[in-house]
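Shown next, in structure tokens, is the structure this report addresses.
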Amino acid sequence: MVKLGFIGAGTVGTALAISLSEKGYPVVATSSRRSSSAEKLAERVAGCSAVGSSQDVADAAELVFITTPDNAIATVAGEVKWHPGQGVVHCCGAESTAVLEAARKSGARTGAFHPLQTFASVEKALENIPGSTIAIEADTELLQTLKDIAGDLEGHWIELKAEHRAVYHASAVIACNYLVTLEKLATDIWHTFGIPRQQAIRALLPLIKGTIRNIENVGIPDCLTGPIARGDVATVKKHLEELALSSPELISTYRELGLQTIPIAREKGRIDEDNAGELEALLSSQRAD
């Protein structure tokens, strides 16, 4: 198998290095701005050496993953002397392979390999990577290698054009990061009736997990439930009235999400045009206030 190296030994680099090593890929070298991070990665991967520089990684490996912070990728690509035919891949979701232009000009094959997954910690990432989708963009010579690596990680791959990467990443932010924000806003409401955040999270988690299971098993739009799904204008009106008293800062978020939910309810077929119009009028009038 191709010899791998990792420049950057944070959560993403460490999780990928461990995962690929466990699948039989020789991970031979790693470096990091903090030598201690590289040493920790090397300790967990048999045959991997923590080396002193990005150049040392490039000299040891046939395929190098740049798993630094996103704003350092281009700098690394420009500082290293790459070997013709060598593979150089970054793991940024929003950037295309253009950020590796300096490596390409040196004769390297360039690619992007973005696991569509949350990397809150190395251990959680190791649990979550199998089954994840991996967005790939690469030179023709490197493309199949990255597809094979995605498959060996028990993932699903998609090819993503350069011009679509930013909007793809925006979708990931909405699905992942903003879910955290929504749950934070939901637990804030519980403060108004005296329930602390951790207790609120404990109460809401089964609901969140049930919703995710319904998305997976039933699909959108059929998994949609709640007042908008059933055209319950009176309940939505009551929500707005109560939020105005207890949490007025959340009204704009509630109304915008409600307006975006109406088309889903219409697609599900549980509300008619009259119901949809009433809900739109109610939520839009609140937006104008």
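The values are calculated or read from the model by the stated rules, or taken from the named source; none is laboratory data. These figures come from a predicted structure and were not determined experimentally. Ideal geometry is used to build each Cβ from the backbone, glycine not excepted, and the neighbour counts take in all protein chains shown. Accessible surface areas use protein heavy atoms only, side chains included; no ligands, DNA or RNA. Shrake-Rupley method; radii C 1.70, N 1.55, O 1.52, S 1.80 Å.
Structure notes:
- Percent RCO, i.e. relative contact order, over the chain, from Cα pairs under 8 Å lying at least 6 residues apart: 11
- 3J(HN,Hα) along segment 257-264: 5, x, 4, 6, 7, 4, x, 5 Hz, from the Karplus curve 6.51 cos²θ - 1.76 cosθ + 1.60 with θ = phi - 60°, whole Hz, x for Gly and Pro.
- Taking label positions 7 Å along the Cα-Cβ direction at both residue 133 and residue 198, the computed distance is 3.6 nm, reported to one decimal.
- Note on the chain: with neighbouring protein chains present and a 1.4 Å probe, carbon and sulfur make up 52 percent of its accessible heavy-atom surface.
- Cα-based helix-to-principal-axis angle, 233-246 vs the chain, degrees rounded to 10: 70
- Antiparallel DSSP beta bridges within the chain, percent to nearest 5: 20
- Ranked by the mean number of other Cβ atoms within 10 Å of their residues, highest first, the peptides 254-263, 159-168 fall in the order 254-263, 159-168.
- Cα point-scatterer Debye curve for the chain, base-10 log of I(q)/I(0) at q = 0.08, 0.09, 0.15, 0.17 Å⁻¹: -0.48, -0.58, -1.05, -1.24
- Estimated FRET transfer efficiency when R0 is 25 angstrom, pair residue 140-residue 23 (beta carbons, to 0.05): 0.55
- Candidate lysines - alpha carbon under 22 Å from residue 81, same-chain residues fewer than 8 apart omitted: 3, 105
- For residue 230, the amide hydrogen comes within under 5 Å of no other amide hydrogen, counting only partners 5 or more places away or on other chains and with H modelled in the peptide plane.
- Solvent-accessible surface of segment 203-268, averaged per residue with a 1.4 angstrom probe and all protein chains in place: 61 square angstrom.
- Partner lysines for residue 124 [C-alpha distance under 25 Å; skip if fewer than 8 residues away on the same chain]: 23, 40, 147, 184, 209
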